[in-house]
Each structure stands twice: as C-alpha cells, then as structure tokens.
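Structure record follows, encoded as structure tokens.
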Amino acid sequence: MAGLDTSGSNPDVSLLFDINGLTEHTPGWCDQAVRFLGEYGLPVLAVLLVLWCWWGVRRRGSLDAAASSVAAVVWAPLAAALAVGVNIPIRGFVERPRPFVDHKGLEVLEPGKTDFSFVSDHSTLTMAIGVSLFLAHRKLGLVGIGLAVAEGFCRVLMGVHYPTDVVGGFALGTAVALLLSPLFTMLFTPVLRAVGRSRAGRLVWAGAGTGGTDGGTEDERGAAGERERQGADGAVRPATAGGDRDLAA
C-alpha cells in the first residue's frame, strides 16, 4: 500500500522539521541524552512506574479494593504488549518509510532504523501503560501519560518518526488500554482475590495476614461479627449495653 503523504507541503512534515530543527541549537551531550531517553530511558521509567503503582495500590483498605486495583496495574504491561502486537500488521499495511528516507536535512539521532514508521511502537507502548495506570491510580497514571508525551516528542526530535506516527501510537495505545481493561479486570480480579487469601496474599494486598477486612460476603461478615461477640468459653455475649448491665447485676 502507498505510504502516507510525505510531501514538503504536508503540515506533518513541516512540524517534523520544526521539532527536529531544535537539535541545531542544543549541545552534543543534550542530543545524546535525548537519544538515550527516547530509545531506552522513558520506556524503562514507565515500567518502573508500573512497579511503583503496584506497591502503592496493595495498601488499599480491603482485599476487594486491592485486588481490582492490582488487576488494573497488571493490565498495564499486558496492554502495552498487545498494542505493540496490533501495530505489526498496521505497519505492514501502511508501509510508511522513516522520515529520513524521504527527507534530507534531518538530524537523525538514532541512525540505522530500517523498519516502517507508522505508528510509533515507543509511543504506543508508553501511552498504553500510562492510560492503564490511570485506571488504577489517577496521580501515577497522569505521570505515566506525561512520560508518554515526552517519549513521543523525543521520537520526533530524534528524526525517526513523523508527528502523526506519534499521535497514531497514542491513539492505538489508548484504545487498547481502555477497550479491553473492563474485560480483563472482570476476569482477573477474582483470581487475584484468591491469591490475596493465600500464603502469597501480600503480593495483592498489604493487609493480608494482619487481621484486616478482606471485604468478604455479607454472610461471612455477619459470621465474623458473631464470633467477635463470643467469649473465650464459647458463650454468646449480649450485643447491647443493657444486656451488659444485666450481667453485671
């Protein structure tokens, strides 16, 4: 299939040159920092953010809340992997060359790219993680989305993607993360709830094994309350203050 329009009159190309042209005014060490962040650093930070978010949502007040939040966190790397996988046939269908193939004068900070350009895998991966984390933890999710935006900017600044490659990656990552998250959470939360009640429960809920409430069924909570009213000899204590006064008399 013919690639997307790459003519010089295309605003996409103009914006590419405007952003990439910033490298003319930056020192060499800055270019190398952008190259490292855009190729490796920001995706690694996104993965570390997933671990940080998992550590935090484990501390939710009940097992039910923690299990659903951890399921959303687990979905983040899976959504990223699935979105990148979906991008494989998209790239083959569009067949858009890298911008430096069709346009001379770009400062390419990461040479040697030979695959197609649309859509950006890095932008897809980081945005899928950011949006998925937003479903579990608003603040850390916004940080993740911010990392994705920075990643997209770096890819254009490096001269290896058009701006529309990045926007397409953002859209793909967001769509996969949002559309499939409810199904995954519905299926995986019961599994994590069971794990939370096992010996490995602290992987899901920090309160496992500490006497916290696991958010069980109404019958289970009623039975637990009845047990709390029993004395050491098994006799049931009266539930009212008046009953306590009768026993004292």
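Taking 0.36 nm per residue of sequence separation and subtracting the Cα-Cα distance, how much length would be gained by fully extending the chain between R199 and M186, in nm to one decimal? Spell out each step's value before the answer.
Numbers: separation 13, 0.36 × 13 = 4.68 nm, distance 2.29 nm.
Fully extending the segment from R199 to M186 adds 2.4 nm.
Roll a 1.4 angstrom probe over the protein heavy atoms and tell me the percent of accessible area of the stretch 34-152 that is carbon or sulfur. Present the calculation step by step, with values, prior to reporting the outcome.
On the way: 3740 of 5210 Å².
Using a 1.4 Å probe with all protein chains present, the stretch 34-152 comes out at 72 percent carbon and sulfur.
Throw me the Rg/Rh for the stretch 57-180, computed over C-alpha atoms with Kirkwood Rh, two decimals.
Details: Rg = 16.3 Å, Rh = 15.1 Å.
Rg/Rh: 1.08.
At a probe radius of 1.4 angstrom, the accessible area of the stretch 16-98 per residue rounds to 49 square angstrom. FRET efficiency for the pair I90 and S62, taken as 1/(1 + (r/R0)^6) with r the Cβ-Cβ distance and R0 = 45 Å, rounds to 0.65. Sparsely packed loop sites in the stretch 87-137 (the trypsin sites (Lys or Arg not before Pro) outside DSSP H, G, I, E and B with at most 14 other Cβ atoms within 10 Å) comprise K104. For the stretch 137-211, state which chymotrypsin sites (Phe, Trp or Tyr not before Pro) are in a DSSP loop and have at most 11 other beta carbons lying within 10 Å of their beta carbon. Listed in order of number, the matching sites amount to none.
The values are calculated or read from the model by the stated rules, or taken from the named source; none is laboratory data. It should be emphasised that the depicted structure is a prediction, and the values quoted were computed from it without experimental measurement. Because the Cβ atoms are built from the backbone with ideal geometry, glycine has one as well, and the counts that use them run over all protein chains shown. The protein model used for the area step is the full one, side chains on, heavy atoms only, and it has no ligands, DNA or RNA in it. Shrake-Rupley method; radii C 1.70, N 1.55, O 1.52, S 1.80 Å.
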